[in-house]
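The values are calculated or read from the model by the stated rules, or taken from the named source; none is laboratory data. Keep in mind that this is a model prediction, so the values were computed, not measured. Here the Cβ positions follow ideal geometry from the backbone for every residue, glycine too, while neighbour counts run over all protein chains shown.
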């Protein structure tokens, strides 16, 4: 075994959300694990002589410093540590690889800091690492925004000239999806947004940046890049950029939801089941979840409670399903009628619009199709389907052909 009986892993207090283990596994450390510690257990753990290499999560990025025998000059200047090793001499050494990971993240997003004003949201260890790296890139100005102090969220108007915004807070992170620390329209010169959060893939902040046409990135490239640097410190072998990019692409594909939308009766449930068999992914039928929660079928909900009540249930279940990762999400035909459902589906998903000839759409058991007719429904919803979708797929052929076409397109683009 590569670890030689040594401990490798991530230490923190609550790590259930962490993706570090699969990343380090893919980078070559199969015994990497998540190690949750309460503050009173930290000193004894750091005294262990079988530590090989550790990453450090909040709230311990500063707390570990007094227990280190040697601290890298850059990490000491930042005042925050995220990587520890114990060498043959028994000394506990500390580094900060977050800054290098952030550099890779910004480069991949095509965002430059030279001559620009950057706002950094947050004041914790990650924010300090980001600030140190941005200052090395010759910016016009760098400002940390926090809840207290001179520069706060309640006086942001003084920084309306900001061109780059970096979120180093947990606002918008799973499971509190949908929250944003601020409104990007307050910054008319904005040309780049970097969010250190990686779950969800697209926070509310990033979805707004995309809608404004602003270059942006989530934090997964940073997580992979800093992990690669840490692996190099653990084992003394540099991780190639090619391997890092491969790990990033594979993880993106593995965690991205495949979302099916389309007219009632266009075959979403059938294609979803076929995709589940083809890929081994769980198929989540949002209408079925609504029915189970309500204790009655969708037609019964329409008949007894009305469409408005159903749409409210649909919005809640779509929000819950959209937080999940690596699934096949099967939506109802009218999910596009509520714009809020777009953010829920898009945050972790790639959205496929199944197209089927209107004359082939069944109406039995579909209240709106029976009352309105497929032609009128299509006329009302076509623009909404176009708004939601990433890709349109013809579903007038065989189930197997359609499922294969969707999966091939997903494999080609979901890792981007």
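Condition (residue is surrounded by fewer than 21 Cβ atoms within 10 Å (Cβ to Cβ), under 22 Å from the mean Cα position of the chain (by Cα), touching a residue at least 40 places away in the same chain (Cβ under 8 Å) and within 16 Å of residue 411 (Cα to Cα)) applied to the range 282-294: is it met by at least one residue?
Checked against the condition, which is being surrounded by fewer than 21 Cβ atoms within 10 Å (Cβ to Cβ), under 22 Å from the mean Cα position of the chain (by Cα), touching a residue at least 40 places away in the same chain (Cβ under 8 Å) and within 16 Å of residue 411 (Cα to Cα), the range 282-294 yields no hits at all.
Name the residues in the range 53-90 that are surrounded by fewer than 20 Cβ atoms within 10 Å (Cβ to Cβ) and within 18 Å of residue 34 (Cβ to Cβ), would you?
58, 59, 63
Is one or more of the residues making up the range 65-79 within 30 Å of residue 254 (Cβ to Cβ), touching a helix residue (DSSP H, G or I) at 6+ places or on another chain (Cβ under 8 Å) and touching a residue at least 24 places away in the same chain (Cβ under 8 Å)?
no
Considering only residues that are within 17 Å of residue 357 (Cα to Cα) and assigned to a helix (DSSP H, G or I), which ones fall in the range 384-402?
Result: 385, 386, 399, 401, 402.
From 268, 323, which residue is within 23 Å of the chain's Cα centre (by Cα), on the phi < 0 side of the Ramachandran plot and touching a residue at least 60 places away in the same chain (Cβ under 8 Å)?
323
Anything in the range 10-30 that is assigned to a loop (DSSP other than H, G, I, E, B) and under 26 Å from residue 253 (Cα atoms)? List them, or say none.
Hits for the range 10-30 are 14, 15, 16, 17, 18, 19, 28, 29, 30.
Residue by residue, here is whether (1) surrounded by 22 or more Cβ atoms within 10 Å (Cβ to Cβ); (2) at pLDDT below 95; (3) over 17 Å from residue 101 (Cβ atoms); (4) outside the structural domain of residue 343 (by TED's automatic domain parsing) holds:
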site: 208; (1), (2), (3), (4): no, no, yes, yes
site: 211; (1), (2), (3), (4): no, no, yes, yes
site: 214; (1), (2), (3), (4): no, no, yes, yes
site: 230; (1), (2), (3), (4): yes, no, no, yes
site: 233; (1), (2), (3), (4): no, no, no, yes
site: 236; (1), (2), (3), (4): no, yes, yes, yes
site: 243; (1), (2), (3), (4): no, no, no, yes
site: 246; (1), (2), (3), (4): no, no, no, yes
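Among the residues of the range 306-320, is any surrounded by fewer than 13 Cβ atoms within 10 Å (Cβ to Cβ), over 27 Å from residue 199 (Cα atoms) and in the same structural domain as residue 277 (by TED's automatic domain parsing)?
Yes; the residues of the range 306-320 include at least one that is surrounded by fewer than 13 Cβ atoms within 10 Å (Cβ to Cβ), over 27 Å from residue 199 (Cα atoms) and in the same structural domain as residue 277 (by TED's automatic domain parsing).
Read through the list (1) out of contact with any helix residue (DSSP H, G or I) (no Cβ under 8 Å at 6 or more places or on another chain); (2) over 16 Å from residue 226 (Cα atoms); (3) touching a residue at least 40 places away in the same chain (Cβ under 8 Å), then give the number of the only condition that residue 62 fails.
Unmet for residue 62, out of (1) out of contact with any helix residue (DSSP H, G or I) (no Cβ under 8 Å at 6 or more places or on another chain); (2) over 16 Å from residue 226 (Cα atoms); (3) touching a residue at least 40 places away in the same chain (Cβ under 8 Å): (1).
Taking only the range 112-121 into account, find how many residues are touching a strand residue (DSSP E or B) at 6+ places or on another chain (Cβ under 9 Å) and over 13 Å from residue 194 (Cβ atoms).
So the answer is 1.
So that you can scan it fast, the table gives a plain yes or no per residue for (1) out of contact with any strand residue (DSSP E or B) (no Cβ under 8 Å at 6 or more places or on another chain); (2) closer than 30 Å to residue 252 by Cα; (3) in the same structural domain as residue 17 (by TED's automatic domain parsing):
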{"residue": "110", "(1), (2), (3)": "no, yes, no"}
{"residue": "123", "(1), (2), (3)": "no, yes, no"}
{"residue": "132", "(1), (2), (3)": "yes, yes, no"}
{"residue": "141", "(1), (2), (3)": "no, no, no"}
{"residue": "150", "(1), (2), (3)": "yes, no, no"}
{"residue": "178", "(1), (2), (3)": "yes, yes, no"}
{"residue": "195", "(1), (2), (3)": "no, yes, no"}
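Among the candidates 415, 365, which residue alone is in contact with a helix residue (DSSP H, G or I) (Cβ under 7 Å, 6 or more places away or on another chain), over 20 Å from residue 264 (Cβ atoms) and not in a helix (DSSP H, G or I)?
Answer to the check: 415.
Checking the condition surrounded by fewer than 21 Cβ atoms within 10 Å (Cβ to Cβ) and within 28 Å of residue 347 (Cα to Cα), which residue from 190, 194, 156, 165 passes?
156
For the range 235-249, check the following and say yes or no: at least one residue is over 30 Å from residue 86 (Cα atoms), in contact (Cβ under 8 Å) with a residue 60 or more places away in the chain and outside any helix (DSSP H, G or I).
Checked against the condition, which is being over 30 Å from residue 86 (Cα atoms), in contact (Cβ under 8 Å) with a residue 60 or more places away in the chain and outside any helix (DSSP H, G or I), the range 235-249 yields no hits at all.
Report yes if some residue within the range 259-276 is out of contact with any strand residue (DSSP E or B) (no Cβ under 6 Å at 6 or more places or on another chain) and farther than 23 Å from residue 364 by Cβ; otherwise report no.
No.
Among the residues of the range 110-130, how many are surrounded by fewer than 21 Cβ atoms within 10 Å (Cβ to Cβ) and modelled with pLDDT under 95?
The qualifying residues number 2.
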